[in-house]
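S.K.: Questions regarding the structure given below will be posed in turn.
The values are calculated or read from the model by the stated rules, or taken from the named source; none is laboratory data. Because the structure is predicted, anything quoted here is derived from the model rather than measured. Heads up, the Cβs are rebuilt from the backbone with ideal geometry, glycines too, and the neighbour counts pull from every protein chain shown. The accessibility values were calculated without ligands, DNA or RNA, using every heavy atom of the protein model including side chains. Shrake-Rupley method; radii C 1.70, N 1.55, O 1.52, S 1.80 Å.
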Amino acid sequence: MKKVYYLLPLILGLVLVLGKPAEAEEKNEKEKYPFYPSLLTTHTGKPLKSTDFESPEVCRECHTEIYDQWKGSMHSSAWDDPVFQALWRMGNKETGGLTEKLCAGCHTAIGVVSEELLKKDEKGDYKLSEIAKYGVQCDVCHSVRAATFLDARGHEPHNATLLLEPGGVKRGPFKDSSSPHHETAYSELHTKAEFCANCHNVFHPLNGFPIERTYDEWKFSVYAQNGIACQDCHMATVEDAIEVARTLKKVKRPGKAANDGPMREHIYSHYFVGGNFTIPALLGYPKHSEMAKKRLQSAAKLEILPPSEVKAGQLGKVKVKVINVGAGHNLPTSLTEIRQMWLEVKITDNSGKKLLHSGWMDEKHNLEPDTVIFHAYAMDGENKHTIKPWEVVRFEYNHTIPPKGSATAVYSFVAPADVKGPLQVKATLRYRSFPQKVANLLLGKDAPTLPIVDMVKASTEVTVK
């Protein structure tokens, strides 16, 4: 026992010493990044004016097609998104404003670097200029000069580790571009996944927990191994993205970047289509909503693995396999603690008598308790379940499906002695962006009934002996 007591001061000293670098690193981050906990920075290292940036309406004059694609995307709606607004304001209130710049660094980078986000009217509403309300807009992305993540904690892109330098030079993927309105510069960063990763990897600024890690999911996937980056799927038509996922090869689509520009071998689409079909529809952009639905319906494949036969009066088992065939990251991704992708499975006899039904909803649009859901289950510091990103310290489990991976659910049922065969097995993979309870919490009495997309269906028969 004495040896243990002698070791205690040494152990305690090591704990204290090991704790100091993390504290020092956080202090360095605060000094290095003027808009902490967002890791945005500027070429001057100081705040800028919102008037330093061009309005998308100006860009529209020469880049009409690209503007029309962007308008209605989740990038253009990053600030207007009512669900983001409600969750963000709740986080600001509960954390005393600690989440304010963290989230806004991606949703209104101009509002952050101009410090307009600090200005509020008598009602407490933000006094943002119109240009800051455009969300993730043309001159935010094309003013990015570098990514600074190698200087940040973790040394990987996250929490908007972007250096903005607005002005006369616009940066992009072409080495020979020219414009009568502005100067141009080639940027290799704009062609890489590390560019997107800055806002699609989100770490808790205090405990370091990865709240969103879409980039990391891609980084260790077969897509990354084959040189397929985010842009090859999300800056492509839905049809091309499906082909890229199928073949793991890039698809080129000729076009023009500007109205009077040269025809190029490949032009990136600016629809930025992902899985969010709910918000574009709410904000009046049906085309973008329908494209997101189509992407969801190409993302997965279902296989029903039934027994060769089942005996009347005995137990039977059916397996349902979900395969991620179309996403270069996990299914689902992003805020996986509130995403809902689930299986609805029905087994009936030949007369229509129900033997099993899993994944149904009650009258309040909540899923039944035993539903097989593909998501992450988040816990707070008191070991309680939470759906609030600022409270998350760990995941109890992460039941999401990696790229080209699969997950299998097993369903047991009893075939009654008088069962009439063959049995009918139907499975549907369904998706909604978040639970109805979350919509009710965030949007109150104005919350709509959340729409659902049926991603894929499968059916089969089981012989009864």
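S.K.: Under 15 Å from the 7 Å Cα→Cβ point of Lys256, by amide nitrogen: which residues of segment 50-67?
M.R.: 60-67
S.K.: Using the Karplus curve 6.51 cos²θ - 1.76 cosθ + 1.60 with θ = phi - 60°, work out ³J(HN,Hα) for each residue of segment 351-362 in order, rounded to whole Hz, and write x for Gly and Pro.
M.R.: Per residue, the Karplus-derived 3J(HN,Hα) values read 8, x, 5, 7, 9, 7, 8, 10, x, 7, 10, 8 Hz.
S.K.: Right, something else. What is the diffusion coefficient of the chain in µm²/s, taking the Kirkwood radius over Cα pairs and the Stokes-Einstein relation at 20 °C with a viscosity of 1.002 mPa s?
M.R.: The diffusion coefficient I find is 87 µm²/s.
S.K.: Please compare each pair in Lys133/Lys287; Lys71/Lys127; Lys133/Lys170; Lys256/Lys294 to a cut-off of 28 Å on the Cα-Cα distance and tell me which ones are over it.
M.R.: With Cα atoms farther than 28 Å apart: none of Lys133/Lys287; Lys71/Lys127; Lys133/Lys170; Lys256/Lys294.
S.K.: Continuing with this model, one more query. Once you charge only the Cβ atoms, +1 for Lys and Arg and -1 for Asp and Glu, what is the size of the charge dipole of segment 238-304 about its Cα centre, to the nearest 20 debye?
M.R.: Charge dipole of segment 238-304: 120 debye, to the nearest 20.
S.K.: Further question on the same structure: Between Leu443 and Lys32, what is the spin-label point distance in nm, taking each point 7 Å from the Cα along the Cα→C-beta axis?
M.R.: Distance between the two pseudo-spin positions: 4.0 nm.
S.K.: To continue, here is another question. What part of the accessible area of segment 412-454, given as a whole %, is carbon or sulfur when the probe is 1.4 angstrom?
M.R.: Solvent-exposed carbon and sulfur of segment 412-454 make up 53 percent of the total.
S.K.: While we're looking at this one, here's another question. Around Val325, under 9 Å between beta carbons, what's the net of Lys plus Arg minus Asp minus Glu among the other residues?
M.R.: +3
S.K.: Continuing with the same structure: Distance from a point 7 Å along Cα→Cβ of Glu57 to each backbone N in segment 256-283: keep the residues under 15 Å and list them by number.
M.R.: none
S.K.: So, one more: At a Förster radius of 56 Å, what calculated FRET efficiency corresponds to the Cβ-Cβ distance of His43 and Asp454, to the nearest 0.05?
M.R.: The value I calculate is 0.70.
S.K.: What FRET efficiency comes out for Gln225 versus Lys353 if R0 is 51 angstrom and r is the Cβ-Cβ distance? Round to the nearest 0.05.
M.R.: Once the sixth-power term is evaluated, E becomes 0.55.
S.K.: Pop out the carbon and sulfur fraction of the accessible area of segment 295-341 as a percent, whole number, probe 1.4 Å.
M.R.: Answer for segment 295-341 is 45 percent, counting heavy atoms of protein chains only.
S.K.: In this model, which of Lys46/Lys219; Lys319/Lys346; Lys192/Lys252 are farther than 23 Å apart at the alpha-carbon?
M.R.: In this structure, Lys46/Lys219 exceed 23 Å between Cα atoms.
S.K.: What does the helix-only formula give at 222 nm for the chain: each DSSP H stretch with n ≥ 4 adding -39500 (n - 2.57), the total divided by the residues, and the result rounded to the nearest 500 deg cm²/dmol?
M.R.: Taken over the chain, the calculation gives -8000 deg cm²/dmol.
S.K.: Which aspartates and glutamates, if any, have their Cα less than 16 Å from the Cα of Lys311, not counting same-chain residues under 8 positions apart?
M.R.: Hits, sequence-local ones excluded: Asp349, Asp418, Glu461.
S.K.: Here's something else I'd like to know. Size of the dipole of the chain about the Cα centre, Lys and Arg at +1 and Asp and Glu at -1 on the beta carbon, nothing else charged, in debye to 20?
M.R.: The dipole of the chain has a size of about 1360 debye.
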